[in-house]
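> To start, I am sharing the structure in question, which I have written as C-alpha cells.
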Amino acid sequence: MAAGKTCTRCKWWKPIEMFGLDAKRPDNRNPVCKPCCRSVNALSRARVIPISERSRQIRERIIRESRLPVLRQALANLKSRLEART
C-alpha cells in the first residue's frame, strides 16, 4: 500500500503528496489536503471583501457626519457675508 492518509476535512484517503508540509505534526504533513485548504482559503478571502466594503462604508459615513457641522457653519458664514454685502 502506498503512503497516504485521510483528510480531516473531506474524509477521503489521499496520497501523502496531496498534503502540505507542517513541521509541527508528527508526520510532518498538514491534516487537511491541499484541495481542501484551497477551498477553505478561497471562502475566507470571499468573506473578507464584504467586511472590507462594509468597513469602508462606515468610515465614509463617519467622515461625512463629522464634516457636516463644519460645512453647515461655513455655509452660515457665507450666507451672512452675502447678506452683509446687500
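The values are calculated or read from the model by the stated rules, or taken from the named source; none is laboratory data. If you're wondering where the values come from, they're calculated on a predicted model, not measured in any experiment. Please note: Cβ atoms are built from the backbone with ideal geometry, for glycine as well, and neighbour counts cover all protein chains shown.
> Could you check segment 2-30 and list, in sequence order, the residues that are part of a strand (DSSP E or B) and either under 15 Å from V40 (Cβ atoms) or among the hydrophobic types (A, V, I, L, M, F, W, C) (or both)?
We begin by selecting, within segment 2-30, every residue part of a strand (DSSP E or B); these are 4-6, 13-15, 19-21, 29-30.
Across segment 2-30, the qualifying residues are W13, F19, G20, L21, N30.
> With the condition kept exactly as written, say whether any residue in segment 38-46 is modelled with pLDDT under 80, closer than 30 Å to A3 by Cβ and not hydroxyl-bearing (S, T, Y). Show your work before the answer.
Taking segment 38-46 as the starting set, the residues that turn out to be modelled with pLDDT under 80 are 43-46.
Then drop every residue that is not closer than 30 Å to A3 by Cβ, which leaves 43-44.
If we keep only those that are not hydroxyl-bearing (S, T, Y) as well, we get 43.
Within segment 38-46 (the criterion being modelled with pLDDT under 80, closer than 30 Å to A3 by Cβ and not hydroxyl-bearing (S, T, Y)), the answer is yes, since at least one residue qualifies.
> Could you check, for segment 16-31, whether at least one of its residues is surrounded by 10 or more Cβ atoms within 10 Å (Cβ to Cβ), at positive phi and not basic (K, R)?
Scanning segment 16-31, I find at least one residue that is surrounded by 10 or more Cβ atoms within 10 Å (Cβ to Cβ), at positive phi and not basic (K, R), so the answer is yes.
> Check segment 58-75 and report whether any residue there is surrounded by fewer than 10 Cβ atoms within 10 Å (Cβ to Cβ), over 26 Å from the mean Cα position of the chain (by Cα) and modelled with pLDDT of 85 or more.
no
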